[in-house]
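The values are calculated or read from the model by the stated rules, or taken from the named source; none is laboratory data. Worth saying up front: this structure is predicted, and the values here are computed from it rather than measured. Counting neighbours? That spans all protein chains shown, and the Cβs are built from the backbone with ideal geometry, glycine included. For the accessible areas, the whole protein counts, side chains as well, though only heavy atoms, and no ligand, DNA or RNA atoms are used. Shrake-Rupley method; radii C 1.70, N 1.55, O 1.52, S 1.80 Å.
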Amino acid sequence: MPDPTASPSPFPVPVVIDTDPGIDDLLALELALRSPELDVRGISVSYGNTVVENAYRNAVEILRRVGRRITIGVGARRPLRRELVVARETHGESGLGHAALPPAGVILDFVKPLERLLADQPAPVTLVTLGPLTSLALALRREPAVVREKLARHVAMAGNLEARGNTTPFAEFNAWCDPEALDAVLRAELPTELVGLDVTRQLVLSGHDVDRIGRATEPHAQWVHEALRFYVAFHRQAENLDGCVVNDVLPIAALVLPDVLEFTELRLAVDLDDGDTRGRTRVDPEGARARVATRVRPAPVRRLLFDRVLPWTQTPAATTVS
C-alpha cells in the first residue's frame, strides 16, 4: 500500500468528514473549519455518539457558530446488522453534553448520503471518519466505483491494538458499534489509516484546562465549556481521570501537522463475535492491509488545538504529554 504521507500534499487539502457529533467531534470539526490548511468540502453525519437527528442538528449549530456554510449529508442511521446503541452516558442526551441547542426537528429523508457528497467532488479527497464506519461501508456497497475514484486517502478514528478499549476492555467504541462495517472497509483495502486508542488516549484536556475555558467571558467559550464539563464528569466517573480524552481531534490535527503521527503497515482483522471481544482490532497475518498509527507527539497537537479552537487558555506545561 503506498504511503499517502510520504510527500506532503499541497495545502489546502480537500477533505470530507463523516462524523457523529459528539463532544470531541465538536473540537475536531472546529479545528478543521479553523485550519486554512484544510478545505472542508462536505460533512456527513451518522449515528454513534447520538442519534442521527441530533448529529445533524449539532453539525448545523457548530457550523453556525464558526460562521461557515458547508454541505451537510446524512450517512448511516444505524449499524449494518447490530442494534442501534448510542453513547448517551459519554456525550449526553443531545450529544453535546450541557451545551444549549435548538430542538432536532429536521426531516432528513432527502439529504445527500456520503456517496453523493463524494461524487460531487471534482477531484479525489481525503475522507476522515470520526464515528462508526457504517456510512463508508454503505457507500462502498451502493457506489463502490465512486468511492474508489474519489477517495485519495481515508483516515479513521477507530480501533485499538495495545491500549485498553473504551467500550469493553478489548474494543474501541466506533469499532464496537459496527464491527461488520469496519471489517467491510478494511477488506476493501482502500488507502485506510487507523488512528485509534493507542495514540488518541494520549491526547487529554485536563480538568484545569476545562476550568480555565469556563472562566473566559466570551459566549462561545461558555458554550464549549458546557459541552466539555459533561465530558470531564463522565471521564472522572468512568475512568477516574481528571480531564477528558479528545480522541477525534487527533486525525484532524494530523492532516495539518503530518509529523505528529507515526504509522506502521499491518494486516488487521476485526472480531465479529458477541461479548467483550466484539469489535476488537488485532494483527492477523491473513487480515486486510491498513496503516495504523502507533506513535504520537501530543504536545504539538495540544498547541494547535489551544491556538485555533480554545484560544482562551494556553498549554499548561504540567499537563503536556511528550
The residue from HIS235, HIS225 that alone is open to solvent by less than 50 Å² (accessible area, probe 1.4 Å), in contact with a strand residue (DSSP E or B) (Cβ under 9 Å, 6 or more places away or on another chain) and without any contact (Cβ under 8 Å) to a residue 24 or more places away in the chain is HIS235
Considering only residues that are without any contact (Cβ under 8 Å) to a residue 40 or more places away in the chain and within 23 Å of GLY48 (Cβ to Cβ), which ones fall in the range 205-222?
VAL210
Which one of these is at pLDDT 95 or above, more than 27 Å from ARG308 (Cβ to Cβ) and part of a helix (DSSP H, G or I): LEU182, LEU161?
LEU182
Could you tell me which residue of the range 60-70 is least open to solvent (accessible area, probe 1.4 Å), considering only residues that are free of Cβ contacts under 8 Å to residues at least 40 places away in the same chain and not aliphatic (A, V, I, L, M)?
GLY67
Pairs please, first residue from the range 104-133 and without any contact (Cβ under 8 Å) to a residue 40 or more places away in the chain, second anywhere and surrounded by 24 or more Cβ atoms within 10 Å (Cβ to Cβ) and aliphatic (A, V, I, L, M), Cβ atoms under 6 Å, 6+ apart in sequence or on different chains.
GLU115/ALA139
Which ones in the range 284-322 are of a type in the set (D, E, K, R) and modelled with pLDDT under 95?
none
Take LEU272 and tell me if it is open to solvent by 50 Å² or more (accessible area, probe 1.4 Å), aliphatic (A, V, I, L, M), in a loop (DSSP other than H, G, I, E, B) and at pLDDT 95 or above.
yes
What is the residue count in the range 136-181 for residues that are within 13 Å of the chain's Cα centre (by Cα) and either over 21 Å from ARG267 (Cβ atoms) or without any contact (Cβ under 8 Å) to a residue 60 or more places away in the chain (or both)?
2
Looking at the range 36-52, which of its residues are within 16 Å of the chain's Cα centre (by Cα) and open to solvent by 20 Å² or more (accessible area, probe 1.4 Å)?
VAL51
Filter the range 193-243 for residues that are of a type in the set (Val, Ile, Thr) and in a helix (DSSP H, G or I); which is nearest to the chain's Cα centre (by Cα)?
THR200
ARG57: closer than 16 Å to LEU133 by Cβ and open to solvent by 10 Å² or more (accessible area, probe 1.4 Å), yes or no?
no
Conditions first: (1) of a type outside the set (A, V, I, L, M); (2) open to solvent by 50 Å² or more (accessible area, probe 1.4 Å); (3) farther than 16 Å from GLU226 by Cβ. GLY73 passes all but one, so which condition is the exception?
(2)
Cross-chain or 6+ apart pairs with Cβ under 7 Å, the range 12-25 first and under 14 Å from ALA253 (Cα atoms), then small (Gly, Ala, Ser) and assigned to a helix (DSSP H, G or I)
VAL15/ALA32; ILE17/ALA32
